[in-house]
Structure formats: structure tokens, C-alpha cells
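First the structure, in the form of C-alpha cells, and then the observations on it.
What follows is calculated from the coordinates using simple rules that are stated; it is not laboratory data. These figures come from a predicted structure and were not determined experimentally. Reconstructed Cβ throughout: ideal geometry from the backbone, glycine too, with neighbour counts over all protein chains shown.
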Amino acid sequence: MFGVKMKRVKVDSFAGIERIRRKEITKKTREKVFHYLKDCSGLSIMDVGCGYGEYMAEAIKRGGTAYGLDSDIYQMALAHIYFEKLGISESDHHLFHHDIQEVFKKGKLFDAVFCLNVMEHIPNEKAALKNIVDLSKVGGRVFFIVPIGTKLSGKDDSEEKKKEKELADGCGFHVFFPIDFVNESIRSRGDKHIREYKKDELIEKLKAFSVEVVVNESFSALAERDNVCTSQLIVVRKVE
Ligand SMILES: C[S@@+](CC[C@H](N)C(=O)[O-])C[C@H]1O[C@@H](n2cnc3c(N)ncnc32)[C@H](O)[C@@H]1O
């Protein structure tokens, strides 16, 4: 497809693997992203750090062609399961095992690139940002979501976090995955944030690239509350 060598993931069988119920709260962030990308027909979309493919599936549902890459092989496996459950055939999605700190060698640029809840996991931020922006066509849009925490004034925010969790309970939706794969994924990537973003910090860092900011929205990702923003959605358009 891209005409250059890439690791394409194929998972053949999940027979006999125990399945668990896993609660997800990405509904809110998914709505945010697709508020700005309602009709995906004719668009090619690359999801960097695609995880189990939640956003890719939505892009496909809206008529787009979805590509995804992730450095975690277990997340790739979960994506295969997720797509199979949704009846999305292998020919309709394109998954690549790749670490975005390395250049993604491709013969294709994308109309939209997602990097959602990923930057906070990546040690080499500068290289990753460059490689992500480089995936976009000129005129294409790059969507970032980063957590900006509930620390509003440098005070202890444990009460805020507790409240957030309470409000989030019962929200979202459920997906079913093999427990071994979920556990292996968490074990191998640690599931930790290696950096905290302050509000607008990523926007400052994106000034090093040929992009213009078209959306800058802070919101509460877990539950609706006034004046408490836990995530920032930044959409930039590539200008050259
Ligand atoms: C918190 S999850 C977010 C998944 C999805 N984007 C979402 O918002 O639901 C972070 C994802 O980024 C992936 N990731 C972390 N570092 C990465 C890297 N250097 N290159 C590619 N993917 C990476 C992880 O494996 C994981 O699937």
C-alpha cells in the first residue's frame, strides 16, 4: 500500500482467551473530535497511538479511510478484536506497529491526523511532534488531545480527582477484551504519564512547526463540571 517496508500486524486467532468487561470513558473525547470532523467521506485519517481503535472505527463509520499506528503490539491485537466485533473487515482498516519517535516512512500523507491522549506517554516529544505533523498534507488537520490535569493552583488536587471519578462512574460505554492482552499491554507500556502539560503548553511547542491553530478547547474529559478542565483539544492546520 505505501510501497515501502513496514511492519503490518496480523493476528489470526483469539480462541480460548478469557474476556473481560472494560469500562471506557472515551465517549466524551470522541464527540469532541468528531464535532470538528463530522463527515469523513473521502478523507484519509491516520490515528497515531490508536490504541484499540476507538477513533479509527468512528472515522470508518463516518465514511473515512482509517489508518492507525501504535507502539504496543497488544493494543494492535485489541484493535483487531474490536474491528472484528464491529464487523469492520481487514480490508477497511490499516494497522501498523510503529513507535512515532521514529519517522513513519510512508508514501502517503493524510487529510487528518489524530494524536489523542498520547503525547503524555512519549519521552522524545520533539521527534514525535515532528513525525506527527509530517504525516499531514498541507491544508490537512492534526488533532491533539492532552490531559492538562485538575491542578488549577498548585494545591493538592486529590479531592478534585475523587470527585471526578465519582461523577465519571456510570458514564461511557463498555468493550470486551481478552484479559491477558489488556494486562500484557499495561505491563509492557506501564500506562504512566511521563509528562504533565500545562494549559496551552503544547500550543507553544507547536509554534516550532508550520501550522496554524484552528481549535483550542479545554474541557472536562471525565464528567461535566464548570471551571474544571482536564483535557485540551488542539487542532492545527498544516500551512506549508
Ligand atoms: C492512553 S492511550 C490512548 C489511546 C487512544 N488514542 C485513545 O485516546 O483512546 C495511549 C496510546 O499511545 C500509544 N503509544 C504510547 N507511546 C507511543 C509511541 N511512542 N508511538 C506510538 N504509540 C504510542 C500506547 O501504546 C497507547 O495505545
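Annotations for the structure displayed:
- Neighbour-count order for 111, 92, fewest beta carbons within 10 angstrom listed first: 92, 111
- Each of residue 126 and residue 183 was given a label point 7 Å from its Cα along the Cα-to-Cβ line. The distance between the two points is 4.1 nm.
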